[in-house]
Amino acid sequence: MQISIRQLSKSYGSVAALNAIDLDIASGELLALLGPSGSGKTTLLRAIAGLEPIDGGRIRFGDIDATELSVQERRVGFVFQHYALFKHMSVLDNITFGLRVRKRKYRPAREEIRRRGEELLKLVQLGGLEARYPNQLSGGQRQRVALARALAIEPRVLLLDEPFGALDAKVRKELRVWLRQLHDETGYTTVFVTHDQEEALELADRVVVMNAGSIEQVDTPEAILRRPATRFVAEFVERDAAGQYTAAHPPPPRTVHERVARAVRVG
Amino acid sequence: MSAVAVGHRRFRSATAEPRAVRWLLIGFTCAFLVVFLLLPLVVVFVQAFAGGIKAYFAALADPDSLSAIWLTLKTAAIAVLLNTLFGVAAAWAVAKFEFRGKDFLVTLIDLPFSVSPVISGMVFILIFGAQTWLGGWLIDHDIRIIFAQTGLVLATVFVTFPFVARELIPLMQAQGSDEEYAALSLGAGGWQTFWHVTLPNIRWGLLYGILLCNARAMGEFGAVSVVSGKIRGASNTMPLHVEVLYQDNKMVAAFAVASLLALLALITLGVKTFLEWRHGDELAALRGR
């Protein structure tokens, strides 16, 4: 499903969280929203999902104008940073939730729901764990259950908010590779938010670098690294001997002029 | 072995109180609880059975007593139901939405804790009493509120409405809204989300709140006493009936009804302890306040 966003705006009081955002996402693309905290990347993701009311602009899913559609009607698969699994439901019940709450007319038969759930469990490599509860799973397993649950509704688009943020470094790397494979197998249009440039550059087809509610650059990882469009992008993806800049430790502004500009932008 | 023992004696932990202080504190607490809690409870049951088991049950089977028991159960049931609905709605509003005056609303919910129950009873008399315009109109239309069960329910609702809300607000705030959002994004409607996601998440906290609310509703004396008029067999609840019997010098009967109230309290305590033991993790969010 192709997504196009036009002039999307949102502000909290006098602070602009999204500044007339224009963005086109190709069907089947794996897109990363990269930026420091407060850059508006999560707000943009939630706005696409319909979880965040917007002040202006339009969002289109293919031929459908989704701007006025409710969260339910948008049929997006949303994976929350802390998974938001239903604690009191088994893994299978979690995954099939989206099918079970459908109106009777559209609801598959009970056996069919179970079959689909088990199929999805296999897809996320958790076959045999259907009777477990979320608190009996590791972080990486929970993440995969959340993904399977989102996939169960055959979403128009898959949206992931800091999908690896709550995992330790080793699991994070494994899941990253796995997510890329899964994406290539299933072909869902996927947007994920991250503040980790390595994650964005390694995983995504294209990377959207955001800063203070605006898009600084949209490009392939290679182009972002080789030809950063703005100084902000250059500094954000800059690598030095000691390590990498991340959202938690963004590069310091270099000139007084820029420091002022940054302060004004951040508000 | 002996070296360890010697070590213990010589290096007392810096934070530990001297042994004498410790035993004094523990002893004082226990003595206090025995005198002020255990002894009265024992006295209630001893007095209740002072005339033998037959007299005990005869006192409870008295029509006025039965009417008081029945009235208390009915009043508590209605008040608890209303306050459960109110508590869930209020907690939902406070925990899931941002709006102006939220802190003030939370303070208002606590009001019955700080207002004397007698005053809350008086307020209802002032609103619905026969001498007011509204009260006169109600009497003209044969709607009885004061000296009737409606008044008892109103007074009980007022006194007990913080209980469920106060249990749920911190719990729902701690849980956030992500699971609800997840349910919505998966296509669930508002009611489906509430029944399948929100309610199961708060069920033990809710039950805990209902228990406390119920215990208070059944035991309420002050507010109820003002609006009841204490008409025997008509508008007397159990606590009021105990007082009436006591003033009539019917000791066995008074303590028999009192023992029933005490029993209800003990059952509540038992269920509450069980919940805390069984679902401590979830309830921990409540104790943090």
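The values are calculated or read from the model by the stated rules, or taken from the named source; none is laboratory data. In this text the structure is predicted, and so the values were computed from the model without any measurement. Cβ: placed from backbone, ideal geometry, glycine included. Neighbour counts: every protein chain shown. For the accessible areas, the whole protein counts, side chains as well, though only heavy atoms, and no ligand, DNA or RNA atoms are used. Shrake-Rupley method; radii C 1.70, N 1.55, O 1.52, S 1.80 Å.
Please list the equivalent ellipsoid semi-axes of region B:51-203, computed as the square roots of five times the alpha-carbon gyration tensor eigenvalues, in descending order and whole angstrom.
37, 23, 15
What is the sum of charges around residue B:79, taking Lys and Arg as +1, Asp and Glu as -1, for the other residues whose C-beta is under 11 Å from the C-beta of residue B:79?
+1
Within a 10 angstrom radius of each residue's Cβ in B:209-222, how many Cβ atoms of other chains show up on average? Whole number is fine.
Taking the mean over all residues of the peptide, I get 0.
Run lengths n ≥ 4 of DSSP H only: what is the helix-derived mean residue ellipticity at 222 nm for chain A, with -39500 (n - 2.57) per run over all residues, to the nearest 500?
Numbers: 10 runs with 100 residues, N = 267.
Calculated mean residue ellipticity at 222 nm is -11000 deg cm²/dmol.
Would you pull out the residues with amide H under 5 Å of residue A:20's amide H, same chain only if 5 or more places away, H placed 1.01 Å from N?
Result for residue A:20 returns A:9, A:10.
So how far apart, in nm, are the two label points at residue A:235 and residue A:180 if each is 7 Å from Cα heading toward Cβ?
3.0 nm
Grab the other residues whose beta carbon is less than 12 angstrom from that of residue B:109, score K and R as +1, D and E as -1, and report the net. Mind showing how you got there, number by number?
Values: positive: B:102, B:166; negative: B:103, B:110, B:167.
Local net charge: -1.
Under the definition of partner shielding as Cβ atoms of other protein chains within 10 Å of a residue Cβ, what is the mean value for peptide B:191-201?
Across the residues of B:191-201, the mean count of other-chain Cβ atoms within 10 Å is 3.
Hey, got the average number of other protein chain Cβ atoms within 10 angstrom for residues in A:83-89?
Taking all residues of A:83-89 together, the mean is 6.
Report the residues of region A:69-99 in range of a label on residue A:131: point 7 Å along Cα→C-beta, backbone N strictly under 16 Å from it.
A:89-94
Any idea what the dipole of chain A comes to, in debye rounded to 20, about its Cα centre with Lys/Arg Cβ at +1 and Asp/Glu Cβ at -1?
880 debye
Farthest toward the dipole's positive end in the protein assembly as shown, which of B:234, B:171, A:7, given Cβ charges of +1 (Lys, Arg) and -1 (Asp, Glu) about the Cα centre?
B:234
When the C-alpha atoms of region A:28-97 are aligned to their principal axes, what extent does each axis show, in angstrom, from largest down?
The principal-axis extents, from largest down, are 39, 31, 26 Å.
Once Lys and Arg get +1 and Asp and Glu get -1 on their Cβ, which of B:120, B:147, B:53 lies farthest toward the positive end of the dipole of region B:33-155?
So the residue furthest toward the plus end is B:53.
Which whole-number value in Å³ per residue fits the convex hull of the alpha carbons of the protein assembly as shown? It would help to have the intermediate numbers written out before the result.
On the way: hull volume 161.2 nm³, N = 556.
Roughly 290 Å³ of hull volume per residue.
Amide H of residue A:211: which non-local residues (sequence gap of 5 or more, or other chain) have their own amide H closer than 5 Å, using H built in the peptide plane?
So residue A:211 has HN proximity to A:216.
Provide the per-residue ³J(HN,Hα) series for region A:4-16, in order, calculated from phi with Karplus coefficients 6.51, -1.76, 1.60 and θ = phi - 60°, each as a whole number of Hz, with x at glycine and proline positions.
10, 10, 10, 6, 6, 10, 7, 9, 9, x, 9, 8, 7
Students often check this: by mean Cβ neighbours within 10 Å, which of B:163-170, B:264-271, B:204-211 ranks highest, and how do the rest follow? Walk me through the numbers before you get to the answer.
Working: B:163-170: 24.4, B:264-271: 13.6, B:204-211: 21.5.
Ranked from most to least packed, the peptides come out as B:163-170, B:204-211, B:264-271.
So what J values fall out for region A:118-134 if you push phi through Karplus, 6.51 cos²θ - 1.76 cosθ + 1.60 with θ = phi - 60°, rounded to Hz, Gly and Pro as x?
5, 4, 5, 4, 5, 4, 8, 6, 10, x, x, 9, 4, 8, 5, 10, x
Got a sec to turn the phi values of region A:63-79 into Karplus ³J(HN,Hα) couplings, 6.51 cos²θ - 1.76 cosθ + 1.60 with θ = phi - 60°, whole Hz, x for Gly and Pro?
8, 8, 7, 8, 4, 9, 6, 6, 3, 4, 5, 6, 6, 9, x, 10, 10
Hey, rough spin-label estimate for residue B:203 and residue A:110, points 7 angstrom out along Cα→Cβ, what's it come to in nanometres?
Here the modelled spin labels are 1.9 nm apart.
Top to bottom by accessible area (1.4 Å), largest first, where do A:83, A:12 land?
Reading off the accessible areas and sorting them downward yields A:12, A:83.
Which value, in debye to the nearest 20, gives the size of the charge dipole of the protein assembly as shown about its Cα centre, when Lys and Arg are +1 and Asp and Glu are -1 at the Cβ?
Details: 60 positive and 52 negative charges, 217 e Å.
Rounded to the nearest 20 debye, it is 1040 debye.
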